[in-house]
Amino acid sequence: MREINRIVVHHSATKQPNIYKCVTSFNRSHKLRLHPNPNWYWYHIAYHYLIGYDWKIIKTRPLKEVGYHASNLKVNKTSIWICLTWNFDKEIPTDAQYKALIELILELKTWFNITIHWHNEFSNKTCPWTNFNMDYLKKVITFKNKKTVSKKDKLLLNTLMKVNSYIHDKFKDDKLRNYLHKTNEYVKNNYKL
C-alpha cells in the first residue's frame with residue numbers, strides 16, 4: 001500500500017448533479033487526459049470517490065492506486081481524491097452531500113493519519129467553492145473525531161482544566177505554565193466536554 005497522508009476534496013464543476021452521468025462523463029474525459037488504462041474497477045476516473053447530491057458514494061479508484069489531479073506528483077502519490085458532483089460556484093451543496101462527505105472522511109481517518117485539503121491548494125482551480133462551507137465541514141469533522149466520555153470522566157476533566165488554569169495563573173514558572181496550558185489544550189481538542 002502506498003503512503004497516504006491527505007484527502008483532497010473537489011467539486012465536479014458540472015451542471016449535472018446526477019452521479020451516474022458524472023461517472024460516464026469522467027470515465028470518458030479522464031481516459032483521454034489522465035488514465036488511458038482502466039483501474040481495478042474498470043474505470044479511468046482519477047478520483048477515488050464520487051459523492052452525488054443524494055448521498056450516493058461510488059468508489060471509482062482503489063486507494064492503492066494513484067489518481068492524477070494536482071500538478072504536483074508528490075501530492076498525487078500521497079492523496080485520496082474525493083469529488084462531489086455539481087458546480088458549487090453556482091449551486092449550494094445538499095445536506096446529504098455534506099453528511100456523506102463527513103462520514104467518508106471520518107471513516108478514512110480511522111485507517112489513515114490524514115489531513116483535509118482543497119483542490120486549489122495544489123492546482124489553479126476554483127475549489128474551494130463559493131457556496132461550500134469549509135469551516136463548518138472542518139469543525140464537524142474535528143468534533144465528531146473527539147472521544148466521548150462518561151459524565152463522571154467529563155466532570156473530572158473539567159475539574160482538571162479548572163485546576164490547571166488556576167495554577168497556571170498563580171505560578172510564574174514558564175515550564176509548568178506551558179505544560180498546564182498544553183494539557184488543557186489536549187483535553188479540549190480530544191474530548192467532547
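The values are calculated or read from the model by the stated rules, or taken from the named source; none is laboratory data. Bear in mind that the values here come from a model prediction, so they are computed numbers and not experimental data. Cβ sites come from the backbone with ideal geometry, for glycine too, and all protein chains shown count toward neighbours.
Numbers at a glance
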| item | result |
| --- | --- |
| Test: residue in the stretch 34-50 that is touching a residue at least 40 places away in the same chain (Cβ under 8 Å) and in a loop (DSSP other than H, G, I, E, B) | no |
| Near pairs, Cβ below 7 angstrom, 6+ apart or cross-chain, from the stretch 93-107 (closer than 14 Å to I7 by Cα) to any residue that is assigned to a loop (DSSP other than H, G, I, E, B) | L106/N145 |
| Residue match in the stretch 58-66 (condition: crowded, with 22+ Cβ neighbours inside 10 Å, under 21 Å from T14 (Cβ atoms) and in contact (Cβ under 8 Å) with a residue 24 or more places away in the chain) | yes |
| Identity of the residue in the stretch 44-54, at pLDDT 85 or above and of a type outside the set (S, T, Y), that ends up farthest from Y20 (Cα to Cα) | H48 |
| Residues of the stretch 59-79 satisfying the condition of being modelled with pLDDT of 90 or more and in contact with a helix residue (DSSP H, G or I) (Cβ under 6 Å, 6 or more places away or on another chain) | V66 |
| Near pairs, Cβ below 8 angstrom, 6+ apart or cross-chain, from the stretch 176-189 (aliphatic (A, V, I, L, M)) to any residue that is surrounded by fewer than 12 Cβ atoms within 10 Å (Cβ to Cβ) | none |
| Within the stretch 67-87, considering residues that are more than 17 Å from the chain's Cα centre (by Cα) and farther than 16 Å from S25 by Cβ, the one surrounded by the most Cβ atoms within 10 Å (Cβ to Cβ) | Y68 |
| L101, sole failed condition from (1) outside any loop (DSSP other than H, G, I, E, B); (2) touching a Pro at 6+ places or on another chain (Cβ under 7 Å); (3) under 18 Å from T60 (Cβ atoms) | (2) |
